[in-house]
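Report on one structure; see the data block that follows.
The values are calculated or read from the model by the stated rules, or taken from the named source; none is laboratory data. Keep in mind that this is a model prediction, so the values were computed, not measured. Here the Cβ positions follow ideal geometry from the backbone for every residue, glycine too, while neighbour counts run over all protein chains shown. The area values use the complete protein model at the heavy-atom level, side chains included, leaving out ligands, DNA and RNA. Shrake-Rupley method; radii C 1.70, N 1.55, O 1.52, S 1.80 Å.
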Amino acid sequence: MEKSCKLKLCPPSCLFLQVDNQTFHTDRPDLPECFQLSVLSWLPCIYLWAVCPIYLFYLQRNNRGYIMMSIVNRFKTVFGLALWIVCWADLFYTFHETQQGHSQPPIFFVTPLVLGMTMLLATFLIQFERLRGVQSSGVLFIFWFLSVLCAIVPFRSKILQASIPDKLRFTTFYFYFSLVVCELILCCFNEKPPLFSNVVTDPNPCPESTAGFLSTITFWWFTSMAIKGYKVPLEAKDLWSLNQRDRSGVVVPKLLKEWEKEHAKAQSEQNLSSQAVYSKPLPATTNHIGGGGGEGGGESSPEEVEVLLAKQKGTPRQPSFLRALIKAFGPYFLIGSAYKLLQDVITFVNPQLLRMLISFTNQKDVPEWWGFALAFLMFFTAFLQTLILHQHFQYCFVTGMRLRTAIIGAIYRKALVITNAAKRSSTVGEIVNLMSVDAQRFMDLTTFLNMLWSAPLQIILALYFLWQNLGPSVLAGVAVMILLIPFNAVIAMKTRAYQVEQMQYKDSRIKLMNEILNGIKVLKLYAWENSFKDKVLAIRQKELNVLRKTAYLGALSTMAWTSAPFLVALTTFAVYVTVDENNILDAEKAFVSLSLFNILRFPLNMLPQVISSIVQASVSLKRIQDFLSHDELDPHSVDRKNAATDYSVTIVNGKFTWAKEDPPALHNINVMVPQGSLLAVVGHVGCGKSSLISALLGDMEKLEGDVSVRGSVAYVPQQAWIQNATVRDNILFGKPYNEQKYRCVLEACALTPDMQVLPGGDMTEIGEKGINLSGGQRQRVSLARALYSEADIYLLDDPLSAVDAHVAKHIFDNLIGPEGALKGKTRILVTHGISFLPQVDNIVVMVEGRVSEMGSYQQLLKENGAFAEFLRNYALEDIVEEDEATEEEELFPDDALSNHTDMVDNEPVINEAKRKFIRQISSVSADGENLRNRSVRKHGCSVRKHPDPSPEKMKKQPGMEKLIQAETAERGRVKMKVYLEYAKAVGPLLSVFICFLYGCQNAAAIGANIWLSKWTNDATRNETQKNVHMRVGVYAALGIAQGILVMISSFTLAMGNIGAARKLHLNLLENKLHTPQSFFDTTPIGRVINRFSKDIYVIDEALPSTVLMFLGTVFVSVSTMIVIVSSTPIFAVVIAPLTFIYIFVQRFYVATSRQLKRLESVSRSPIYSHFSETITGCSVIRAYSRHSAFVLMSDMKVDENQKSYYPGIVSNRWLGVRIEFIGNCIVLFAALFAVIGKDKLNPGLVGLSVSYALQVTMSLNWMVRMTSDLESNIVAVERVKEYSETKTEAPWEVEDKKPSSDWPVEGNVEFRDYSVRYREGLDLVLKNLTLSVKGGEKIGIVGRTGAGKSSMTLCLFRLLEAAGGEITIDEVKIADIGLHDLRSKLTIIPQEPVLFSGTLRMNLDPFERYSDEEVWKALEHSHLHKFVSSQSAKLELECSEGGENLSVGQRQLVCLARALLRKTRILILDEATAAIDLETDDLIQSTIRTQFEDCTVFTIAHRLNTIMDYTRVLVLDKGQIAEFDTPANLITKRGIFYNMAKDAGLAQ
């Protein structure tokens, strides 16, 4: 037999017969020589030759530069050649033998020949890779690994053979073996990076690019960052640079190139179709615009022809963005898909191995090594699966990352060049959404996209194996699964609806909180906190109700998700045993089916998710595609090269429109501007002045005519566009800094004095939209930018309207005018200021989009046309304006923030921030200098070149900078205390009960499975039929119990979480309403709002789901350990080391990933804010042709963001590989110990412990993720806690000290030795005041800014607590009574009227204490009666946020109406500064004189004429009483008051 076999090429029958005899049934297995020589030797060769063509093609395409020959490389090559020699030595020896007459079977020729060729190929690959810059080769690594693996068998069998028949082949084989092992070892080492690669130049390169093959597949290269992140919290500087291939500079052009191709294709198709249309002889009526009117009669009009043809052709194809994406990123993504396919197939190997293992334990007389082989095979396939799966994820995530980069880049580039019509169709917010939401959707989709084909594939494979296992009864289980899908879908639909509803409640709650915090001072002064607290809590209650409904649904879906595999198993097994008497459920069938059902669970759950996210992404795709298909501005509409003429700007027969479908905005425009002249453009509002400028910039659509502009352009838009950068950066705008030139520019634009007032000089960071500059300052910065750019042509769109008259004059004289800094340049100035017109060279008068006349000032006056009429209209107003300006100038010299009208801005938020800023600044600037001097200094600033900031200011500055403390970010681990705090909020007993429920539910699950293993053991004892019903019944009972327990536990948990959320929010709200005013002065509102929005959201929604998952995974992992230990107790030995490794890895991961998440979220918002800023300023960016610089900036911001996102992805992969390795070890040991103790174990238990072990990997992995999420989410509890425990003010009501209800009867107020300071550690604001005021007196309080006037009123309300002394009202010390008792008895009309959104009635009387007629009466007295009764809603008139829909004067009157309603004995009037008109002021004064005749009135006066008839006047100076007497006496004393009165023109 042996001989005949040797002669042929090993006939197969003989081969496998030998294999069976020699291998399977011995305790010392061996493979026959024939098998060793053929199959084992050829495997690696087949692999290498198969992969080679693809690999060579890949290397041909990807050249990274060559690598210098290194020692390792030389050794590899030498060994490769040696291997070739060794193999062919065998071949020649066989020839030699044949000649000697020992003819050998063909196999001895074939194998050495093939091996030798393969070794040559391998040697060639080693060199070719070096030339192509591959540092470590996966292909060759796998080849050498396979070779060693296949050579181990002959290595062993040659040792086992006692005699050595064939000396030469024996020695060559050992040479061969040792060389292959050496090659494998050398293959693990890395080559140096290629010459000239960017790795060498990069300061912090990503180690991935230089990582070896092993390091890449196990993500070992990430370890260095994990360690660093564990030692110290990571910072931005620790992050690696982005790989070249992931950067915007590479990714975006790739997509744009494909998109351009798509565009071109669509364009050419359209052209073809249009040619087809016009190839027909057209009817004669075409020259008529109407087309086919009367004369055409029977002929069809061209429009119809087109329509007919279009119908045949199909509508013109839109370029497909999807196709562009697929072409750009598809190939890379396909590699990931290939990995996924491989992984799906390998997934099904383990259940088959499990079946063999169980059957192995069933048989008694089989060799031990089978079991061990199976155990190691299980481990090996699981490990391979892990590596492949994570490679797949890596490819998908990187594709997603590139998609996002590319989409953001494409949208940004597009936004800079779209036409105005297109810009109108989508708001800034929408475009930013395209960037943030839609790009994100694509990114999320790519991770799941492969599930589209992989899920059905997995389902089909699983069903196929199940069918083999259990036959048709599988269908019962599948039916259950399919029934669960609509159930889950319905739950998902409802949940989504609830989410939308909850978002609405959340938004309204945040809006209300925002108002409360913005108007907190008013709430305190009026003692209205409770009313608003109730409003917030009412909304919160609705919100929690929705949350509770969501929790019910969540509990149901959790139940469905956990019980699904069980229900399926139950139905399948029940059907299986009952259908046929002969069907016996044994361990093999039961546990293999269970593990297959577990595989099924994932794809079935994923499919609906994937489909819904595909639907979402397709909507996003459509939106992005529409945006990218918008029309672009024609860059050639303005001719910039024309250099022949003397005119630097010419428009000939220009006709322009904003959008193609609109009527033209400018008709036959003919303008020629000589080089170096100053042209003014005037005309009424809306006559097309700004449009003319836009036409010159090329921002409008040109319908007819020619425009040429010679030279570079600087543009100042009507609304200044300011970047979120320093003042200096805004002015330089990308030009290099030149000290002297910069100083001159500041001087010319009157910015020098402003720079001294700003906290950081010209390095002050300006907020978004220039929030901390006044309108005038913004405009001047915009002018400075233009001047600094040194262009040839200046287009100035009404730059002087936003600044005060005297500043406008300064700017015109020093900058624009004939003697200004720009003389000799071409300047086009749109203006309303008539006073400048005599000084310009030419004037263009625009009327309704046409040039009505053009010429010099004198010429136009003579013509007496439109211009003269225009002058007559405007001259009067202009003179009045100038007068007013100068008057106001003297009274209120405009300090750092120029005009006061600016205060009434239309954006409440900005307004608020601006006011805050103004307050800070005025406290800095206006201290200690007399009003008069300041006004002079402003005008004198051009004389003294660069005055040094006064030392006093220098002293003040640090204090001001520190006004707002930096927010403390938590770093490092979260303390145990926080978890306990949360448990306490949930309720200590409830927390314990929840854990107990989780324990029960897992006990039920284990019980069911143990019962199953007992049931399957019936099969071995042949007593199956006796108790089928009992077995099925108990199994069902245990399973259903588990389902119900799951539902109860997740529901209880949700209830506990909602309770905690309610408690935490309530404590936060209560505390914030009790917090003293000083806290709000030093804490930005955004920070407090953040606690109410972001952190409460986390506690409401993110935290509960995280806790749920966390508890679930922890208990599953623990129960797995319990099951395995109980079936094979020796397993307990392994638990300790594995747990140690697990915790070790987990700590590294959590520390690093938490910080990476923080860095990622911090670097994300600049992308969007920079983008929205760019959109608003794109005409300026284009005018200065800074287009490409801004694209670069955006790309840098995106790359900066991806720099922290990428390690985040990799950290997850790194973790996955490590944790799954631990899981695989658990499988290995569970199987090993089962094999070792197989005599004592029954197959049921083996099945149980190994199938549990196979599941554990997933839950271990999730457990780490959840720990990490839990850590980052529990921080919210900490932050909310921190703000719920800030220091509170005095109690609102003190029961035993309550004053009588009619207190104060008289209204006597007395200060005794009273001192006060704003906050601890600051100077006293009022020093030892002593004065007494009788009831009914009217007191005026005057003094310079910062003298302590407002502080006095705040003391009466105890917004500031005394530092010494006391205040008594009607013999009651105010320090002893409750704050509400005090504040509800005083009334204030504050300086800034604050209204809350809600009805007018609510604003007047939030507690509903007064009847309607009382309210109407108050309105009548406050002169609002007429206005309110004219409104349809009357008292129910809705006030918008901040009272925006009322004028400032009306708001002031509403405050007066509040005071009239309350009608207390003491009234404090903080007179409004300049934001209010004189008329309203007089109304208020007269009302107060009549209505509050018998009350004590304190008025803080700014206009002295209002208090000249008061009983007494109190003059404060530096916190002390300077003078206190009747006005008449004070004037005769000729002190401070006299001087003030003289300045105001009230005294001689």
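Quick one: count up the residues across the stretch 760-774 that are surrounded by fewer than 23 Cβ atoms within 10 Å (Cβ to Cβ), in a loop (DSSP other than H, G, I, E, B) and at pLDDT 75 or above.
3
Name the residue that is farthest from the chain's Cα centre (by Cα), counting only residues in the stretch 1335-1363 that are part of a strand (DSSP E or B) and more than 18 Å from Pro1076 (Cβ to Cβ).
Lys1338
Taking the criterion of being touching a helix residue (DSSP H, G or I) at 6+ places or on another chain (Cβ under 6 Å) and under 26 Å from His832 (Cβ atoms), would at least one residue in the stretch 649-660 satisfy it?
Going residue by residue through the stretch 649-660, those that are touching a helix residue (DSSP H, G or I) at 6+ places or on another chain (Cβ under 6 Å) are 656, 658-659.
Keeping just the survivors that are under 26 Å from His832 (Cβ atoms) gives 656, 658.
Yes, the stretch 649-660 contains at least one residue that is touching a helix residue (DSSP H, G or I) at 6+ places or on another chain (Cβ under 6 Å) and under 26 Å from His832 (Cβ atoms).
Say whether the condition of being modelled with pLDDT of 80 or more and farther than 21 Å from Tyr66 by Cβ is met by at least one residue in the stretch 126-139.
No, every residue in the stretch 126-139 fails to be modelled with pLDDT of 80 or more and farther than 21 Å from Tyr66 by Cβ.
Looking at (1) open to solvent by 60 Å² or more (accessible area, probe 1.4 Å); (2) modelled with pLDDT of 90 or more; (3) not polar (S, T, N, Q), can you tell me which one Leu621 breaks?
(1)
Quick one: would you say Thr111 is under 13 Å from Ser41 (Cβ atoms) and either open to solvent by 50 Å² or more (accessible area, probe 1.4 Å) or not aromatic (Phe, Trp, Tyr) (or both)?
Values: under 13 Å from Ser41 (Cβ atoms): yes; either open to solvent by 50 Å² or more (accessible area, probe 1.4 Å) or not aromatic (Phe, Trp, Tyr) (or both): yes.
In short, yes.
Give the residue that is most open to solvent (accessible area, probe 1.4 Å), with candidates limited to residues of the stretch 646-666 that are in contact (Cβ under 8 Å) with a residue 60 or more places away in the chain, within 15 Å of Gly686 (Cβ to Cβ) and out of contact with any Leu (no Cβ under 7 Å at 6 or more places or on another chain).
Applying the filter and picking the extreme gives Trp658.
Right, Tyr1510: aromatic (Phe, Trp, Tyr), open to solvent by 10 Å² or more (accessible area, probe 1.4 Å) and either over 30 Å from Leu1382 (Cα atoms) or at pLDDT below 85 (or both) or not?
Working: aromatic (Phe, Trp, Tyr): yes; open to solvent by 10 Å² or more (accessible area, probe 1.4 Å): yes; either over 30 Å from Leu1382 (Cα atoms) or at pLDDT below 85 (or both): no.
In short, no.
Which condition breaks for Phe532 when tested against (1) of a type in the set (A, V, I, L, M, F, W, C); (2) open to solvent by 20 Å² or more (accessible area, probe 1.4 Å); (3) in a helix (DSSP H, G or I)?
(2)
Restricting to the stretch 1167-1199, give me the number of residues that are assigned to a helix (DSSP H, G or I) and either in contact with a strand residue (DSSP E or B) (Cβ under 8 Å, 6 or more places away or on another chain) or at positive phi (or both).
Let us first name the residues in the stretch 1167-1199 that are assigned to a helix (DSSP H, G or I), namely 1167-1176, 1178-1183, 1187-1199.
Right, trim to either in contact with a strand residue (DSSP E or B) (Cβ under 8 Å, 6 or more places away or on another chain) or at positive phi (or both) and you get 1179-1180, 1183.
Residues in the stretch 1167-1199 being assigned to a helix (DSSP H, G or I) and either in contact with a strand residue (DSSP E or B) (Cβ under 8 Å, 6 or more places away or on another chain) or at positive phi (or both): 3 in total.
Go through the stretch 472-490 and count every residue that is open to solvent by 40 Å² or more (accessible area, probe 1.4 Å) and more than 41 Å from the chain's Cα centre (by Cα).
Summing the residues that are open to solvent by 40 Å² or more (accessible area, probe 1.4 Å) and more than 41 Å from the chain's Cα centre (by Cα) in the stretch 472-490 gives 3.
I'd like the full set of residues that are part of a loop (DSSP other than H, G, I, E, B) and closer than 20 Å to Ser147 by Cα, limited to the stretch 179-211. Quick ask: steps written out before the conclusion?
Step one: list which residues in the stretch 179-211 are part of a loop (DSSP other than H, G, I, E, B), which gives 188-197, 202-206, 211.
Scanning the stretch 179-211 gives Cys188, Phe189.
If Thr1532 satisfies every condition in (1) open to solvent by less than 20 Å² (accessible area, probe 1.4 Å); (2) free of Cβ contacts under 8 Å to residues at least 40 places away in the same chain; (3) hydroxyl-bearing (Ser, Thr, Tyr) but one, which is the exception?
(1)
Of the residues in the stretch 1-45, how many are farther than 27 Å from Trp370 by Cβ, surrounded by 11 or more Cβ atoms within 10 Å (Cβ to Cβ) and either at pLDDT 75 or above or among the hydroxyl-bearing types (Ser, Thr, Tyr) (or both)?
Of the residues in the stretch 1-45, 1 are farther than 27 Å from Trp370 by Cβ, surrounded by 11 or more Cβ atoms within 10 Å (Cβ to Cβ) and either at pLDDT 75 or above or among the hydroxyl-bearing types (Ser, Thr, Tyr) (or both).
Within the stretch 775-796, which residues are within 37 Å of the chain's Cα centre (by Cα), within 23 Å of Ser648 (Cβ to Cβ) and open to solvent by 10 Å² or more (accessible area, probe 1.4 Å)?
Answer for the stretch 775-796, where residues must be within 37 Å of the chain's Cα centre (by Cα), within 23 Å of Ser648 (Cβ to Cβ) and open to solvent by 10 Å² or more (accessible area, probe 1.4 Å): just Ser789.
Which one is surrounded by the most Cβ atoms within 10 Å (Cβ to Cβ) among residues in the stretch 1411-1439 that are of a type in the set (Ser, Thr, Tyr) and farther than 19 Å from Ala1459 by Cα?
Across the stretch 1411-1439, the extreme among qualifying residues is Ser1429.
Among (1) out of contact with any Ser or Thr (no Cβ under 9 Å at 6 or more places or on another chain); (2) modelled with pLDDT of 80 or more, where does His1421 come up short?
(1)
I'm checking my understanding of the structure. Among residues of the stretch 576-593 that are aliphatic (A, V, I, L, M) and surrounded by fewer than 21 Cβ atoms within 10 Å (Cβ to Cβ), which one is nearest to Ile1044 (Cα to Cα)?
The selected residue is Val577.
Out of curiosity, is Asn469 part of a helix (DSSP H, G or I), among the polar types (S, T, N, Q) and open to solvent by 20 Å² or more (accessible area, probe 1.4 Å)?
no
Under the condition of being farther than 23 Å from Ile46 by Cβ, of a type in the set (D, E, K, R) and in a helix (DSSP H, G or I), which residue from the stretch 137-178 is most open to solvent (accessible area, probe 1.4 Å)?
Lys167
Please list, ordered by first then second residue, the pairs with beta carbon atoms under 6 Å, 6 or more apart or interchain, first in the stretch 1432-1457 and farther than 14 Å from Gly519 by Cα, second open to solvent by 20 Å² or more (accessible area, probe 1.4 Å) and outside any loop (DSSP other than H, G, I, E, B).
What qualifies is Leu1435/Arg1401; Glu1436/Thr1399.
Among what's in the stretch 191-222 and is farther than 18 Å from Ile388 by Cα and among the aliphatic types (A, V, I, L, M), pick the residue that is modelled with the highest pLDDT.
The extreme case among them is Leu195.
State whether one or more residues within the stretch 1263-1279 are surrounded by fewer than 21 Cβ atoms within 10 Å (Cβ to Cβ), of a type outside the set (Ser, Thr, Tyr) and under 29 Å from Gln1485 (Cβ atoms).
No, that holds for no residue.
Give just the number: which of (1) surrounded by fewer than 17 Cβ atoms within 10 Å (Cβ to Cβ); (2) under 60 Å from the mean Cα position of the chain (by Cα) does Met119 not satisfy?
(1)
Restricting the stretch 1107-1161 to residues that are hydrophobic (A, V, I, L, M, F, W, C) and without any contact (Cβ under 8 Å) to a residue 12 or more places away in the chain, which is nearest to Val1046 (Cα to Cα)?
Of all residues in the stretch 1107-1161, those hydrophobic (A, V, I, L, M, F, W, C) come to 1107-1111, 1114-1116, 1118, 1121-1125, 1130-1136, 1138, 1140-1141, 1143-1145, 1148, 1150-1151, 1156, 1159.
Filter once more, keeping what is without any contact (Cβ under 8 Å) to a residue 12 or more places away in the chain: 1125, 1132-1133, 1136, 1140, 1143-1144.
Details: Val1125: 24, Ala1132: 28, Val1133: 32, Ala1136: 29, Phe1140: 30, Ile1143: 27, Phe1144: 31 Å.
This residue is Val1125.
Please find, within the stretch 720-742, the residue that is modelled with the lowest pLDDT out of those that are open to solvent by 30 Å² or more (accessible area, probe 1.4 Å), in contact with a helix residue (DSSP H, G or I) (Cβ under 8 Å, 6 or more places away or on another chain) and not small (Gly, Ala, Ser).
Asn724
Quick one: Ser1332 ticks every box in (1) more than 48 Å from the chain's Cα centre (by Cα); (2) open to solvent by 50 Å² or more (accessible area, probe 1.4 Å) except a single one, so which number is it?
Against the list (1) more than 48 Å from the chain's Cα centre (by Cα); (2) open to solvent by 50 Å² or more (accessible area, probe 1.4 Å), Ser1332 comes up short only on (2).
If we scan the stretch 50-65, do we find a residue that is open to solvent by less than 60 Å² (accessible area, probe 1.4 Å), at pLDDT 75 or above and farther than 30 Å from Phe124 by Cα?
No: zero hits.
Being touching a Gly at 6+ places or on another chain (Cβ under 6 Å) and touching a residue at least 24 places away in the same chain (Cβ under 8 Å), is that true of even one residue in the stretch 757-773?
Checking the stretch 757-773: not a single residue is touching a Gly at 6+ places or on another chain (Cβ under 6 Å) and touching a residue at least 24 places away in the same chain (Cβ under 8 Å).
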